[in-house]
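S.K.: Provided herewith is a single structure, encoded as structure tokens, for subsequent inquiry.
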């Protein structure tokens, strides 16, 4: 119970920070819409649905990277991560709290992006939304841990996309597949498997990412 | 481990590797039946064992990473790093031999329809990022920890990627293609096994060689420190 | 409470600490002195558990939740108010009667009026006072203080003197400082790092 309270306190802190700073979320919203507009010019006429859906996922992925690269900014710039690590709470709570707040940002960005996509390209169906929802969980889980890793080193803005993109491939496959295949079940299953497997790994290994 | 066996393990391993490699080359070119693909099919005897060995290296690297995090084994981080380093080298070879194979088989230097190649590309990318991660951090326990966690992610990524790539083929290449998995005759199988063993021993030799070199570096540094 | 033998800490090729020996009782007060860059901060980080020694023995017989660590940085969020910062730490450290204790500490360090202001608007001295509140919030039995007087004005220093005097008997202290003379009266031991 204490664990959940810790997670809640940390997630609340992240949301509060964003409310005060107001830099990450607006950037994400603007970025995703701008990208979709650019994509309109990128697609030649007669492009398949697959191309448009693929581009949506590219947009979502890079919007997520934008948000993730800022996720540990406060902890890093002010060294606060030490304060959190020293606390008697389980270190994985730091990960979970942060991942939940990233998830919230992603969902908010998609609340804007999906209708925009539906407007610009093709209508959004339930399978797409389900795919996006499941993908968000995976992106938040893995992305948060990798953001913490990237924070530790030099060239952190460059490092995060490098570390993240190979791991994002199954997510993209699952997401695009769920949107275009006649049988979205398999792809949603892939996403679910990915989420479960990597969430557990992240949860178990975050301790080692922030301690020596 | 006694000094004698340690000193002699490396040369013994190298000799074994040499013997097995010679044997497998002999078998590949003189013993195994030539099928209709001709000499090009011989690439298969290189490509798959190399791929297999690369997986083995990544797996070993992952195992050592786990030992580092879980049991805090001394030197496990170095062993993990060397294994992954070797895995990437074999990975490049896999991609190259795979590309040659693809060229002869389908006439293109790259085919997305070959699951194995795509998987390797993804993994290759992943493990290159492993090195970027290591280079961005100063040496120390933090680098060891982060590398180990990332290596474990790599191991978990393999099965998930296999599944993902297989699924992705369905909507990228809906045309059914000839999987061409080898149904091997006995003689082919023997050649194949020897080739796999040869590659693994070569990898083991290189692994121990590189490890010995790196350990020597560490010892030298420690001695220099102690003398200060 | 703390026992360190032949402690060594290396970062890559650079050796920061070598052969450090330390014993601290439950009511000990150790002053750590030495020039800049000699490893005072590193030693405190090792004692706090933020870093692991490269070699040597280190035994700190205290739970993480009973350690109070004052670092060079205040370890507070700039966009959160003083009250919100302390509330967060209070929750993470499971401080009983969190609100009362937070209020009391803010009062003791003269920050009560600024409790609703964001930490980012604080002066250096106020940040240090807030950091001290954070450090003392959970009644730690081991206090690791890295240059606690830095940034404090006379008033702040006086408040800190008072706190330290009151707690010197009930907690163990390891304090890295450039002004050992100030704390001589309460110190039980000294450690000079080369």
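S.K.: Do we have residue C:14 as surrounded by 21 or more Cβ atoms within 10 Å (Cβ to Cβ) and more than 9 Å from chain A (Cβ to nearest Cβ) here?
M.R.: Values: surrounded by 21 or more Cβ atoms within 10 Å (Cβ to Cβ): no; more than 9 Å from chain A (Cβ to nearest Cβ): yes.
So residue C:14 does not fit the description; no.
S.K.: What residue, among those in region A:88-124 that are in a loop (DSSP other than H, G, I, E, B) and in contact (Cβ under 8 Å) with a residue 12 or more places away in the chain, is farthest from the other protein chains (Cβ to nearest Cβ)?
M.R.: Ranking the candidates gives A:121 first.
S.K.: Among the candidates A:4, A:65, A:36, A:17, which residue alone is at pLDDT 90 or above, in a helix (DSSP H, G or I) and closer than 22 Å to residue A:168 by Cα? Give the derivation first.
M.R.: Values: A:4 fails: closer than 22 Å to residue A:168 by Cα; A:36 fails: at pLDDT 90 or above; A:17 fails: closer than 22 Å to residue A:168 by Cα.
None of the other options fit; the residue is A:65.
S.K.: Kindly indicate which of A:85, A:7, A:32 is within 11 Å of another protein chain (Cβ to nearest Cβ), in contact with a helix residue (DSSP H, G or I) (Cβ under 6 Å, 6 or more places away or on another chain), surrounded by 21 or more Cβ atoms within 10 Å (Cβ to Cβ) and within 21 Å of residue A:143 (Cβ to Cβ). So that I can check it myself, show each step before the final result.
M.R.: On the way: A:85 fails: surrounded by 21 or more Cβ atoms within 10 Å (Cβ to Cβ); A:32 fails: within 11 Å of another protein chain (Cβ to nearest Cβ).
On inspection, the qualifying residue turns out to be A:7.
S.K.: While we're on this one: Pull up region C:103-119, narrow it to residues that are over 21 Å from the mean Cα position of the chain (by Cα) and in contact (Cβ under 8 Å) with a residue 12 or more places away in the chain, then point me to the one that is surrounded by the most Cβ atoms within 10 Å (Cβ to Cβ).
M.R.: Out of the qualifying residues, it is C:114.
S.K.: Which numbered condition in (1) more than 8 Å from chain B (Cβ to nearest Cβ); (2) touching a residue at least 40 places away in the same chain (Cβ under 8 Å) is the only one that residue A:156 fails?
M.R.: Against the list (1) more than 8 Å from chain B (Cβ to nearest Cβ); (2) touching a residue at least 40 places away in the same chain (Cβ under 8 Å), residue A:156 comes up short only on (1).
S.K.: Does region A:129-149 contain any residue that is surrounded by fewer than 20 Cβ atoms within 10 Å (Cβ to Cβ) and at pLDDT below 90?
M.R.: Just the residues of region A:129-149 that are surrounded by fewer than 20 Cβ atoms within 10 Å (Cβ to Cβ), to begin with: A:129-130, A:133.
Pick out the ones that are also at pLDDT below 90 and you get none.
Looking for residues that are surrounded by fewer than 20 Cβ atoms within 10 Å (Cβ to Cβ) and at pLDDT below 90, one finds none in region A:129-149, hence no.
S.K.: Something else about it: Does residue B:33 satisfy the condition of being closer than 20 Å to residue B:205 by Cα and either at pLDDT below 75 or away from every other protein chain (no Cβ under 14 Å) (or both)?
M.R.: In short, no.
S.K.: Examine region B:109-122 for a residue that is within 7 Å of chain A (Cβ to nearest Cβ), at pLDDT 90 or above and buried (at least 18 other Cβ atoms within 10 Å of the Cβ), and state whether such a residue exists.
M.R.: So in region B:109-122, the residues within 7 Å of chain A (Cβ to nearest Cβ) come out as B:122.
Cutting the leftovers down to at pLDDT 90 or above gives us none.
No: region B:109-122 contains no residue that is within 7 Å of chain A (Cβ to nearest Cβ), at pLDDT 90 or above and buried (at least 18 other Cβ atoms within 10 Å of the Cβ).
To keep it simple, each residue is scored yes or no on (1) modelled with pLDDT of 90 or more; (2) crowded, with 20+ Cβ neighbours inside 10 Å; (3) more than 17 Å from the chain's Cα centre (by Cα).
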residue	(1), (2), (3)
C:90	yes, yes, no
C:101	yes, no, yes
C:121	yes, no, yes
C:132	yes, yes, no
C:173	yes, yes, no
C:184	no, no, yes
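S.K.: State which residue is surrounded by the fewest Cβ atoms within 10 Å (Cβ to Cβ) when the search covers only region B:65-75 and only residues that are touching a residue at least 60 places away in the same chain (Cβ under 8 Å) and part of a helix (DSSP H, G or I).
M.R.: Per the stated criteria, the residue is B:66.
S.K.: Of the residues in region A:183-206, how many are more than 9 Å from chain B (Cβ to nearest Cβ), touching a helix residue (DSSP H, G or I) at 6+ places or on another chain (Cβ under 7 Å) and touching a residue at least 60 places away in the same chain (Cβ under 8 Å)?
M.R.: 5
S.K.: Same structure again: Is it the case, given these coordinates, that residue A:180 is in contact with a helix residue (DSSP H, G or I) (Cβ under 8 Å, 6 or more places away or on another chain) and at the interface with chain B (Cβ under 7 Å from one of its Cβ atoms)?
M.R.: yes
S.K.: Out of everything in region B:129-157 that is out of contact with any helix residue (DSSP H, G or I) (no Cβ under 7 Å at 6 or more places or on another chain) and more than 7 Å from chain A (Cβ to nearest Cβ), what residue ends up being modelled with the highest pLDDT?
M.R.: Checking each candidate, the answer is B:131.
The values are calculated or read from the model by the stated rules, or taken from the named source; none is laboratory data. Keep in mind that what you see is a predicted model, and the values were worked out from it rather than measured. Every residue, glycine among them, receives a Cβ derived from its backbone with ideal geometry; neighbour counts consider all protein chains shown.
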